[in-house]
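> First the structure, then my questions, so here it is.
Values in this text are rule-based calculations from the coordinates and carry no lab data. Remember, it's a predicted structure, so these values are computed and weren't measured experimentally. As a convention, Cβ positions derive from the backbone with ideal geometry for all residues, glycine included, and neighbour counts pool all protein chains shown.
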Amino acid sequence: MPRQTPPPFKQNEIIVRAFSALAAVAGLLCFILCGMLLLNYLQVRAQDPLNLPELLQLRESLSASPESSDDTVETIRRLDLLARGAFFTSQRMLQTGGLLALLAGLLFLGALRLASHFNRRPPEPAPGPPPRRYWHERGRARELVVFMGGLWLLAALLAAAFTRLDIPEPDPAMAEASAEEAQASGSDAAALSIPDWETVQRQWPNFRGPGGVGRAYHTTAPVSWDTTSGANILWKTEVPVSGFNSPVVWEDRVYLSGANEETLEVFCFHADTGELLWRTRVGPPAGAPVELPKVNEDTGYAAPSVAAQGDVVCALFGTGHLACINKDGTVRWEKFLGVPDNHYGHGSSLIIFEDLLLVQYDQRKNGALYALNIDNGAEAWKQERKHISWASPILTGPPDSMQLALVSTKNLDVYDPRSGALLWSVECLSGEVGPSPGFGAGMYFTANDYADSSAIRLPGTPGEGEPEIVWQFYDSLPDISSPLATDTFFYLLTSRGEIICLRSENGEVAWVHENEEAFFASPVLVGDRVYAVDKTGKVFIFKNADSYEELAVLSLGEDSVATPAFLDKRLYARTMTSLICIATP
């Protein structure tokens, strides 16, 4: 059998130099990143940025001397927020740096192997015999270099992997100290009184009104106005910073939020005059190392509507900053929930149940439903959320046994708002869910484009029976506007400009009205009338009936994507630049 000729040795000097340079750069980068990861990890462990000596000293000073100045309280609040922002940034740097170090290490090994492959040379006779143990020592040296490099990389990756990425919850003692600090500030930080449900219903406390279901308590609302002539326009005022959230009203206060890359703010207007009473900035002081998430231009950093109750208003921003503000504009407490991992930006609005602020903080990973005490921000309970959504929570049922309902990309989940226990769940959705659920005729009503619209009957007594999907509707569905459920009809407003009325008992189409413009705001029932705002600011007013009975089509004078607020004989609407109060004479 003929002897096979081995393949010729091919050397490419350019490729060898390129891969050698790449290996050198990757190796150096890996070494530097690993060193930074280890140093950062050791610094965080040693210094504990969440318990800075300066902050602890200020807290002790304030506890010992309650009559301390407001400047001391403000310094504590800002320093604490700065420390938490630095903590989160440090942890995310560890995570990102660990991944980059691993990639750099793999790139180093790959480039080194390719450089060796293209540097193959034909064997040449040695000029003389090698020194004793020459090959053994070379092999041991290579093994030692590889071992030490691998150990260095492994130590850095372990430092990144075993560092917590969530901020530790303060212990009860710290929460008590925070409450004492708030009381010592001299502002309206005394314990809050909790209004009953009857009082809450008479206000417009959150997105889509009482309970968040889009049904006004008052049966009166303006049916005629003209923004050009000013007829029935009580006042109109400019909003200082834009945002896509909807107005919230409590007694003589109207609240909005606005945000951009430079500022996060909450605004308070007088309900009778439109005067800007105060504007309060939320979030870290200038220069704090808190990253801004990527958001869709139709979401921005101020998509969630605020929630108000009594003497406070709470606001959440797309950066993860949450604040409770007294009615005089002073910050009561602040929290940083972490930069949301949300590819459109955070959009879920807040809602308050008795003394608890409920926060639907859905994310691609590590989503959660929080209940926080509105008095001091202390966590009452927390539930893990497995699936994301951009919808907002609603409260339904009688005051003594209310239920908290949330939707996600798969389910309608119903919780006990007092304990956080998951009562039941139904798989009924898919896609990227933006519309919040509705409630009427004893059923929950869910809808989302490219999915189904479902009417879900509640289970019987607790522990007995199962929730039941009574019917589903498969045709044109909304992707932003939330459905409205009344006792007789369910309404869907779509981005294609349709208003669809379904019969609540069987899901049959009662009527469809087509409009040229999309609907982004959610419909609201006021008495026997439905108000629907399209994106150009046209307001359709029609009867809650089995045929389309149009009462009026009026204009806000500017584009609008916000859902109006309805109080007795008044309508508060937000446009792209302004806040308008329309009143019945």
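> With a cut-off of 14 Å, note down the residues of the stretch 472-516 whose backbone N falls inside the zone around a label point 7 Å from the Cα of residue 547 toward its beta carbon.
Under 14 Å, as judged by backbone N against the label point of residue 547, lie 510-512 of the stretch 472-516.
> Subtract the Cα-Cα distance of residue 505 and residue 450 from 0.36 nm times their separation in residues, and report this length gain in nm to one decimal.
17.5 nm
> Taking amide hydrogens as modeled 1.01 Å from N in the peptide plane, which residues meet the under 5 Å criterion relative to residue 559, leaving out close sequence neighbours?
Under 5 Å from the amide H of residue 559: 576.
> Counting only the backbone N, which residues of the stretch 376-413 are under 20 Å from the spot 7 Å out from the Cα of residue 294 toward its beta-carbon?
388-390
> Summing +1 for each Lys or Arg and -1 for each Asp or Glu, what net charge is found among the other residues whose Cβ lies under 12 Å from the Cβ of residue 246?
Around residue 246, the charge tally is +2.
> Sequence neighbours fewer than 8 away in the same chain don't count; with that in mind, list the lysines whose C-alpha is under 22 Å from residue 535.
236, 543
> Measuring from a point 7 Å past the Cα of residue 576 along Cα-to-C-beta, which residues in the stretch 531-547 have an amide N at less than 12 Å?
535-537
> Let me ask another. Can you compute the FRET efficiency between residue 421 and residue 103 using 1/(1 + (r/R0)^6), with r the Cβ-Cβ distance and R0 = 45 Å? Round to the nearest 0.05.
0.55
> Near residue 574, within a Cβ-to-Cβ distance under 12 Å, what is the net charge of the other residues, with Lys and Arg +1 and Asp and Glu -1?
My count for the surroundings of residue 574 gives -2.
> All other residues with a Cβ under 12 Å from the Cβ of residue 19 taken together, and with Lys, Arg as +1 and Asp, Glu as -1, what is their net charge?
+1
> Lysines near residue 382 by alpha-carbon distance under 30 Å, same-chain residues fewer than 8 away left out - which ones?
Candidates past the 8-residue exclusion: 294, 327, 335, 365, 410.
> Let a ≥ b ≥ c be the square roots of the eigenvalues of the Cα gyration tensor of the stretch 187-583; is it rounded (a/c under 1.5), or, if not, prolate (a/b larger than b/c) or oblate?
It is rounded, given that a/c, with a ≥ b ≥ c, falls under 1.5.
> Compute the separation of the alpha-carbon centres of the stretch 488-525 and the stretch 533-585 and state it in Å as a whole number.
After rounding, the separation between the Cα centres reads 16 Å.
> Along the Cα→Cβ direction, 7 angstrom out, place labels at residue 28 and residue 154. What is the inter-label distance in nm?
Taking the two extended label points, one gets 2.8 nm.
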